[in-house]
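Here the structure comes first, spelled out in C-alpha coordinates, and everything after it is commentary.
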There are 2 protein chains.
Amino acid sequence: MTRTRYFTAMTLDGFLATEDHSLDWLLTRDAGDQSGPLGIDAFLTEIGAIAMGASTYEWILRHHPDDPWFYSQPCWVFTHRDLPAKEGADLTFTQAPVDEVWQEMAAAAGEADIWLVGGGDLVGQFHDAGHLDELLVSIAPVTIGAGRPLLPRHVELRLTELDRLGELAVARYAVLR
Amino acid sequence: MTRTRYFTAMTLDGFLATEDHSLDWLLTRDAGDQSGPLGIDAFLTEIGAIAMGASTYEWILRHHPDDPWFYSQPCWVFTHRDLPAKEGADLTFTQAPVDEVWQEMAAAAGEADIWLVGGGDLVGQFHDAGHLDELLVSIAPVTIGAGRPLLPRHVELRLTELDRLGELAVARYAVLR
(Lines give C-alpha, C1' and ligand atoms only; values in the text may rest on other atoms or scores of the structure.)
Protein backbone atom coordinates (compact mmCIF):
# COMPACT_ATOMS: atom_id res chain seq x y z
CA MET A 1 0.00 0.00 0.00
CA THR A 2 1.57 3.26 -1.14
CA ARG A 3 2.24 5.73 1.65
CA THR A 4 2.49 9.46 1.03
CA ARG A 5 5.46 10.76 2.98
CA TYR A 6 6.85 14.21 3.69
CA PHE A 7 10.59 13.99 4.24
CA THR A 8 12.21 17.34 4.90
CA ALA A 9 14.57 19.36 7.04
CA MET A 10 13.66 22.44 9.02
CA THR A 11 14.92 24.85 11.63
CA LEU A 12 13.92 24.29 15.26
CA ASP A 13 11.34 27.04 14.82
CA GLY A 14 9.66 25.28 11.92
CA PHE A 15 11.01 26.86 8.74
CA LEU A 16 12.05 24.99 5.60
CA ALA A 17 14.03 27.93 4.27
CA THR A 18 14.45 31.63 4.76
CA GLU A 19 11.97 33.96 3.05
CA ASP A 20 14.39 34.22 0.11
CA HIS A 21 14.73 30.42 -0.13
CA SER A 22 18.17 30.13 1.44
CA LEU A 23 19.15 26.80 3.00
CA ASP A 24 22.51 27.97 4.30
CA TRP A 25 21.34 27.37 7.88
CA LEU A 26 20.95 23.68 6.92
CA LEU A 27 23.78 23.00 4.51
CA THR A 28 26.39 24.08 7.04
CA ARG A 29 25.38 21.24 9.42
CA ASP A 30 26.85 17.82 9.83
CA ALA A 31 23.91 15.59 8.82
CA GLY A 32 25.59 12.42 10.05
CA ASP A 33 25.41 9.06 8.31
CA GLN A 34 22.52 9.41 5.85
CA SER A 35 22.73 5.70 4.97
CA GLY A 36 21.08 4.70 8.28
CA PRO A 37 17.35 4.04 8.79
CA LEU A 38 16.42 7.72 9.19
CA GLY A 39 18.65 9.01 6.38
CA ILE A 40 17.75 10.04 2.85
CA ASP A 41 19.53 7.07 1.23
CA ALA A 42 17.35 4.42 2.87
CA PHE A 43 14.30 6.60 2.37
CA LEU A 44 14.87 6.94 -1.37
CA THR A 45 14.99 3.18 -1.88
CA GLU A 46 11.33 3.08 -0.75
CA ILE A 47 10.15 5.85 -3.06
CA GLY A 48 8.45 5.32 -6.42
CA ALA A 49 7.19 8.81 -7.24
CA ILE A 50 8.11 12.34 -6.19
CA ALA A 51 6.21 15.64 -5.99
CA MET A 52 7.60 19.10 -5.43
CA GLY A 53 6.58 22.72 -5.82
CA ALA A 54 8.05 25.17 -8.32
CA SER A 55 10.23 26.96 -5.74
CA THR A 56 11.82 23.69 -4.62
CA TYR A 57 12.48 22.65 -8.22
CA GLU A 58 13.99 26.04 -9.04
CA TRP A 59 16.16 25.85 -5.92
CA ILE A 60 17.67 22.58 -7.20
CA LEU A 61 18.27 24.03 -10.67
CA ARG A 62 19.88 27.14 -9.23
CA HIS A 63 22.11 25.40 -6.69
CA HIS A 64 23.07 22.36 -8.76
CA PRO A 65 23.33 23.69 -12.32
CA ASP A 66 26.14 21.34 -13.28
CA ASP A 67 25.11 18.26 -11.30
CA PRO A 68 23.03 15.46 -12.77
CA TRP A 69 19.43 15.21 -11.53
CA PHE A 70 19.35 13.37 -8.19
CA TYR A 71 16.34 11.10 -8.64
CA SER A 72 15.57 8.16 -10.87
CA GLN A 73 11.88 8.18 -9.91
CA PRO A 74 9.26 10.08 -11.92
CA CYS A 75 8.79 13.57 -10.47
CA TRP A 76 5.77 15.85 -10.71
CA VAL A 77 6.48 19.57 -10.40
CA PHE A 78 3.52 21.75 -9.50
CA THR A 79 3.85 25.07 -11.29
CA HIS A 80 1.84 27.79 -12.94
CA ARG A 81 4.89 28.99 -14.85
CA ASP A 82 6.99 27.59 -17.66
CA LEU A 83 10.10 26.03 -16.15
CA PRO A 84 13.11 24.56 -17.91
CA ALA A 85 13.35 20.77 -17.88
CA LYS A 86 16.46 19.38 -16.20
CA GLU A 87 18.30 17.00 -18.50
CA GLY A 88 18.03 13.37 -17.48
CA ALA A 89 15.07 13.94 -15.15
CA ASP A 90 11.72 12.15 -15.53
CA LEU A 91 9.60 15.26 -15.05
CA THR A 92 5.94 16.13 -15.40
CA PHE A 93 5.02 19.78 -14.99
CA THR A 94 1.46 20.08 -13.80
CA GLN A 95 -1.24 22.52 -12.72
CA ALA A 96 -3.79 19.78 -12.05
CA PRO A 97 -5.49 19.34 -8.67
CA VAL A 98 -3.33 17.40 -6.22
CA ASP A 99 -5.86 14.60 -5.87
CA GLU A 100 -5.76 13.92 -9.61
CA VAL A 101 -1.96 14.03 -9.66
CA TRP A 102 -1.80 11.78 -6.60
CA GLN A 103 -3.73 9.09 -8.52
CA GLU A 104 -1.17 9.25 -11.33
CA MET A 105 1.69 9.17 -8.85
CA ALA A 106 0.25 6.19 -6.97
CA ALA A 107 -0.14 4.31 -10.25
CA ALA A 108 3.48 5.07 -11.12
CA ALA A 109 4.73 4.14 -7.64
CA GLY A 110 3.05 0.74 -7.57
CA GLU A 111 3.94 -0.82 -4.20
CA ALA A 112 6.48 1.91 -3.47
CA ASP A 113 5.82 5.17 -1.64
CA ILE A 114 5.31 8.77 -2.67
CA TRP A 115 7.70 11.46 -1.48
CA LEU A 116 6.41 14.98 -1.02
CA VAL A 117 9.57 17.08 -1.10
CA GLY A 118 7.77 20.35 -0.32
CA GLY A 119 7.21 23.22 0.06
CA GLY A 120 4.85 23.30 2.98
CA ASP A 121 1.81 24.64 1.21
CA LEU A 122 1.95 21.93 -1.46
CA VAL A 123 2.16 19.30 1.28
CA GLY A 124 -0.79 21.03 2.95
CA GLN A 125 -2.80 20.62 -0.25
CA PHE A 126 -2.03 16.89 -0.29
CA HIS A 127 -3.11 16.72 3.35
CA ASP A 128 -6.35 18.54 2.51
CA ALA A 129 -7.00 15.91 -0.16
CA GLY A 130 -6.44 13.10 2.38
CA HIS A 131 -3.01 12.11 1.06
CA LEU A 132 -0.47 12.51 3.82
CA ASP A 133 0.58 9.53 5.93
CA GLU A 134 3.97 10.34 7.42
CA LEU A 135 6.32 13.17 8.30
CA LEU A 136 10.05 12.53 8.63
CA VAL A 137 11.59 15.77 9.81
CA SER A 138 15.26 16.58 10.38
CA ILE A 139 15.54 19.46 12.81
CA ALA A 140 18.60 21.66 12.46
CA PRO A 141 19.99 23.27 15.63
CA VAL A 142 19.10 26.86 14.77
CA THR A 143 16.22 29.29 14.90
CA ILE A 144 15.83 31.85 12.11
CA GLY A 145 12.68 33.68 13.21
CA ALA A 146 10.95 33.85 9.83
CA GLY A 147 10.81 31.90 6.60
CA ARG A 148 8.96 29.26 4.63
CA PRO A 149 6.66 27.27 6.94
CA LEU A 150 6.90 23.51 7.43
CA LEU A 151 3.20 22.79 6.98
CA PRO A 152 0.70 25.63 7.25
CA ARG A 153 -2.15 23.47 8.49
CA HIS A 154 -3.50 21.94 11.69
CA VAL A 155 -2.30 18.34 11.50
CA GLU A 156 -2.47 15.89 14.39
CA LEU A 157 0.51 13.56 14.60
CA ARG A 158 1.91 10.65 16.58
CA LEU A 159 5.66 10.44 17.24
CA THR A 160 6.88 7.03 16.08
CA GLU A 161 10.68 7.41 16.02
CA LEU A 162 13.23 9.86 17.36
CA ASP A 163 16.97 9.88 16.95
CA ARG A 164 20.04 12.02 16.33
CA LEU A 165 21.76 12.16 12.97
CA GLY A 166 24.95 14.19 13.22
CA GLU A 167 23.98 17.63 14.52
CA LEU A 168 20.33 17.05 13.66
CA ALA A 169 17.38 15.65 15.59
CA VAL A 170 15.24 13.44 13.37
CA ALA A 171 11.61 12.72 14.22
CA ARG A 172 9.20 10.43 12.42
CA TYR A 173 5.47 11.03 12.81
CA ALA A 174 2.35 9.20 11.67
CA VAL A 175 -0.43 11.51 10.51
CA LEU A 176 -3.63 10.95 12.48
CA ARG A 177 -7.04 11.33 10.85
CA MET B 1 27.49 30.22 37.60
CA THR B 2 23.89 31.13 36.87
CA ARG B 3 22.61 29.91 33.52
CA THR B 4 19.71 31.58 31.73
CA ARG B 5 17.43 28.87 30.41
CA TYR B 6 14.38 28.83 28.18
CA PHE B 7 12.18 25.85 29.06
CA THR B 8 9.02 25.67 26.97
CA ALA B 9 6.73 23.52 24.89
CA MET B 10 5.85 24.10 21.27
CA THR B 11 4.15 22.57 18.26
CA LEU B 12 6.30 20.77 15.70
CA ASP B 13 6.04 23.87 13.52
CA GLY B 14 7.49 26.13 16.19
CA PHE B 15 4.54 27.80 17.92
CA LEU B 16 4.16 28.33 21.66
CA ALA B 17 0.44 28.97 21.41
CA THR B 18 -2.21 29.83 18.87
CA GLU B 19 -2.65 33.48 17.89
CA ASP B 20 -5.32 33.79 20.59
CA HIS B 21 -3.03 32.22 23.23
CA SER B 22 -4.66 28.80 23.33
CA LEU B 23 -2.59 25.85 24.58
CA ASP B 24 -5.25 23.23 23.93
CA TRP B 25 -2.96 21.55 21.36
CA LEU B 26 -0.50 20.96 24.23
CA LEU B 27 -2.66 20.28 27.25
CA THR B 28 -4.37 17.35 25.56
CA ARG B 29 -1.06 15.46 25.29
CA ASP B 30 0.40 12.85 27.58
CA ALA B 31 3.57 14.60 28.78
CA GLY B 32 4.98 11.45 30.39
CA ASP B 33 6.84 11.35 33.68
CA GLN B 34 7.80 14.96 34.35
CA SER B 35 9.91 13.93 37.35
CA GLY B 36 12.70 12.61 35.08
CA PRO B 37 15.80 14.55 34.00
CA LEU B 38 14.03 16.36 31.14
CA GLY B 39 10.82 17.11 33.04
CA ILE B 40 9.65 20.32 34.68
CA ASP B 41 9.98 18.96 38.24
CA ALA B 42 13.75 18.39 38.05
CA PHE B 43 14.15 21.62 36.13
CA LEU B 44 12.40 23.70 38.79
CA THR B 45 14.73 22.47 41.52
CA GLU B 46 17.59 24.22 39.66
CA ILE B 47 15.79 27.53 39.25
CA GLY B 48 16.27 30.56 41.51
CA ALA B 49 14.49 33.28 39.53
CA ILE B 50 11.80 33.39 36.85
CA ALA B 51 10.89 35.85 34.09
CA MET B 52 7.78 35.93 31.95
CA GLY B 53 5.89 38.27 29.68
CA ALA B 54 2.50 39.79 30.40
CA SER B 55 0.62 37.41 28.09
CA THR B 56 2.10 34.36 29.78
CA TYR B 57 1.26 35.74 33.23
CA GLU B 58 -2.29 36.55 32.17
CA TRP B 59 -2.67 33.06 30.71
CA ILE B 60 -1.85 31.57 34.12
CA LEU B 61 -4.30 33.89 35.90
CA ARG B 62 -7.04 33.12 33.40
CA HIS B 63 -6.58 29.34 33.35
CA HIS B 64 -5.79 28.79 37.02
CA PRO B 65 -7.95 31.36 38.84
CA ASP B 66 -8.53 29.13 41.86
CA ASP B 67 -5.15 27.40 42.03
CA PRO B 68 -2.28 28.62 44.20
CA TRP B 69 0.67 30.17 42.36
CA PHE B 70 2.97 27.42 41.07
CA TYR B 71 6.39 28.84 41.89
CA SER B 72 8.23 29.61 45.11
CA GLN B 73 10.98 31.53 43.26
CA PRO B 74 10.83 35.30 42.75
CA CYS B 75 9.22 36.09 39.41
CA TRP B 76 9.62 39.17 37.23
CA VAL B 77 6.71 39.95 34.91
CA PHE B 78 7.50 42.25 32.00
CA THR B 79 4.48 44.44 31.32
CA HIS B 80 3.50 47.89 30.20
CA ARG B 81 0.06 47.48 31.75
CA ASP B 82 -1.24 47.27 35.31
CA LEU B 83 -1.81 43.62 36.13
CA PRO B 84 -3.38 42.10 39.23
CA ALA B 85 -0.96 40.43 41.64
CA LYS B 86 -1.59 36.74 42.26
CA GLU B 87 -1.91 36.02 45.96
CA GLY B 88 1.04 34.13 47.39
CA ALA B 89 3.35 34.90 44.45
CA ASP B 90 6.68 36.69 44.83
CA LEU B 91 6.15 39.05 41.90
CA THR B 92 7.89 42.09 40.50
CA PHE B 93 6.16 43.90 37.64
CA THR B 94 8.71 45.68 35.52
CA GLN B 95 9.20 47.78 32.41
CA ALA B 96 12.95 48.03 32.87
CA PRO B 97 15.41 46.90 30.18
CA VAL B 98 16.02 43.14 30.27
CA ASP B 99 19.72 43.56 30.97
CA GLU B 100 18.99 45.53 34.14
CA VAL B 101 16.36 43.04 35.25
CA TRP B 102 18.69 40.15 34.48
CA GLN B 103 21.24 41.59 36.94
CA GLU B 104 18.56 41.68 39.66
CA MET B 105 17.45 38.17 38.80
CA ALA B 106 21.00 36.81 38.87
CA ALA B 107 21.55 38.37 42.28
CA ALA B 108 18.34 36.77 43.54
CA ALA B 109 19.18 33.39 41.99
CA GLY B 110 22.63 33.14 43.53
CA GLU B 111 24.12 29.86 42.35
CA ALA B 112 20.80 28.72 40.88
CA ASP B 113 19.58 29.31 37.33
CA ILE B 114 17.16 31.71 35.69
CA TRP B 115 14.10 30.40 33.88
CA LEU B 116 12.72 32.36 30.97
CA VAL B 117 9.15 31.09 30.68
CA GLY B 118 8.35 33.10 27.52
CA GLY B 119 6.92 34.39 25.31
CA GLY B 120 9.32 34.19 22.43
CA ASP B 121 9.93 37.88 21.95
CA LEU B 122 10.86 38.38 25.60
CA VAL B 123 13.33 35.51 25.33
CA GLY B 124 14.65 37.14 22.16
CA GLN B 125 15.30 40.33 24.11
CA PHE B 126 17.29 38.37 26.70
CA HIS B 127 19.23 36.78 23.86
CA ASP B 128 19.91 40.21 22.33
CA ALA B 129 21.32 41.28 25.70
CA GLY B 130 23.62 38.22 25.79
CA HIS B 131 21.60 36.34 28.39
CA LEU B 132 20.46 33.05 26.93
CA ASP B 133 22.43 29.86 27.57
CA GLU B 134 20.06 26.94 27.01
CA LEU B 135 16.83 25.91 25.32
CA LEU B 136 14.86 22.92 26.63
CA VAL B 137 11.98 22.42 24.23
CA SER B 138 9.17 19.89 24.42
CA ILE B 139 7.76 19.32 20.96
CA ALA B 140 4.11 18.31 20.77
CA PRO B 141 3.05 16.02 17.90
CA VAL B 142 0.95 18.57 16.03
CA THR B 143 1.27 21.40 13.54
CA ILE B 144 -1.05 24.40 13.85
CA GLY B 145 0.16 26.56 10.95
CA ALA B 146 0.18 29.90 12.77
CA GLY B 147 0.62 31.27 16.27
CA ARG B 148 3.05 32.72 18.77
CA PRO B 149 6.63 32.05 17.64
CA LEU B 150 9.17 30.10 19.69
CA LEU B 151 12.00 32.61 19.36
CA PRO B 152 11.83 35.26 16.63
CA ARG B 153 15.58 35.57 16.23
CA HIS B 154 18.48 33.90 14.45
CA VAL B 155 20.07 31.79 17.20
CA GLU B 156 22.73 29.15 16.58
CA LEU B 157 22.37 26.08 18.78
CA ARG B 158 23.99 22.76 19.58
CA LEU B 159 21.84 19.72 20.38
CA THR B 160 22.98 18.29 23.71
CA GLU B 161 20.16 15.90 24.66
CA LEU B 162 17.20 14.29 22.95
CA ASP B 163 14.54 12.02 24.36
CA ARG B 164 10.86 11.16 24.41
CA LEU B 165 8.60 12.13 27.26
CA GLY B 166 5.15 10.60 26.79
CA GLU B 167 3.86 11.81 23.43
CA LEU B 168 6.44 14.59 23.29
CA ALA B 169 9.94 14.84 21.89
CA VAL B 170 12.21 16.82 24.20
CA ALA B 171 15.39 18.47 22.95
CA ARG B 172 17.99 20.34 24.93
CA TYR B 173 20.21 22.86 23.17
CA ALA B 174 23.20 24.95 24.17
CA VAL B 175 23.13 28.47 22.72
CA LEU B 176 26.27 29.18 20.67
CA ARG B 177 27.81 32.64 20.57
key: About the Cα centre, charge dipole magnitude for the range A:1-151 (Lys/Arg +1, Asp/Glu -1 at Cβ), debye   = 140
remark   = Candidate span helices, chain A: DSSP H, at least 15 Å along axis from Cα coords, Kyte-Doolittle average at least -0.5, result A:98-109
key: Relative contact order %, chain A, counting alpha carbon pairs below 8 Å whose residues are six or more apart   = 37
message = Probe radius 1.4 Å, ligands and nucleic acids left out: which of B:D24, A:D66, A:D113 has the largest accessible area, and how do the rest follow?
response = A:D66, B:D24, A:D113
remark   = In whole percent, the Cα-Cα distances of chain B spread across 5 Å bins from 0 upward as 1, 8, 17, 21, 23, 18, 9, 2, 0
Accessible surface of B:T8 - all protein chains present, 1.4 Å probe, nearest 10 Å² = 20
request  = Sum up the charges of everything whose Cβ sits under 10 Å from the Cβ of A:G147, counting Lys and Arg as +1 and Asp and Glu as -1, but leave A:G147 out.
outcome  = -2
key: 12 Å beta-carbon shell around A:W76, net charge (K/R +1, D/E -1)   = -3
query = Hey, if we sort B:R177, A:R164 by accessible area with the 1.4 Å probe, largest down, what's the order?
reply = B:R177, A:R164
ask   = Top to bottom by accessible area (1.4 Å), largest first, where do A:H64, B:H154 land?
value = B:H154, A:H64
ask   = Summing Lys, Arg as +1 and Asp, Glu as -1, what charge do residues with Cβ under 11 Å from the Cβ of B:R3 carry, B:R3 excluded?
value = -4
ask   = What are the ³J(HN,Hα) values, in whole Hz, obtained from phi via the Karplus relation 6.51 cos²θ - 1.76 cosθ + 1.60 with θ = phi - 60°, for each residue of the range A:64-77 in sequence order, with x given for Gly and Pro?
value = 9, x, 9, 8, x, 4, 6, 10, 8, 6, x, 10, 9, 10
ask   = Tell me, what HN-Hα J-couplings in whole Hz come from the Karplus equation 6.51 cos²θ - 1.76 cosθ + 1.60 at θ = phi - 60° for each residue of the range B:26-32, using x for Gly and Pro?
value = 9, 6, 7, 8, 7, 8, x
note = In this structure, the FRET efficiency calculated for B:R29 and B:S72 from their beta-carbon separation, with R0 = 30 Å, to the nearest 0.05, is 0.70
note = Once phi for every residue in the range B:129-143 is put through the Karplus expression 6.51 cos²θ - 1.76 cosθ + 1.60 (θ = phi - 60°), the whole-Hz ³J(HN,Hα) values, with Gly and Pro written as x, are 7, x, 10, 8, 10, 8, 10, 10, 10, 8, 10, 7, x, 6, 10
Residue-level accessible surface for A:L26, protein heavy atoms, 1.4 Å, Å² = 40
With all protein chains modelled, accessible area of A:E161 [1.4 Å, Å²] = 60
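The values are calculated or read from the model by the stated rules, or taken from the named source; none is laboratory data. Bear in mind that the values here come from a model prediction, so they are computed numbers and not experimental data. Heads up, the Cβs are rebuilt from the backbone with ideal geometry, glycines too, and the neighbour counts pull from every protein chain shown. For the accessible areas, the whole protein counts, side chains as well, though only heavy atoms, and no ligand, DNA or RNA atoms are used. Shrake-Rupley method; radii C 1.70, N 1.55, O 1.52, S 1.80 Å.
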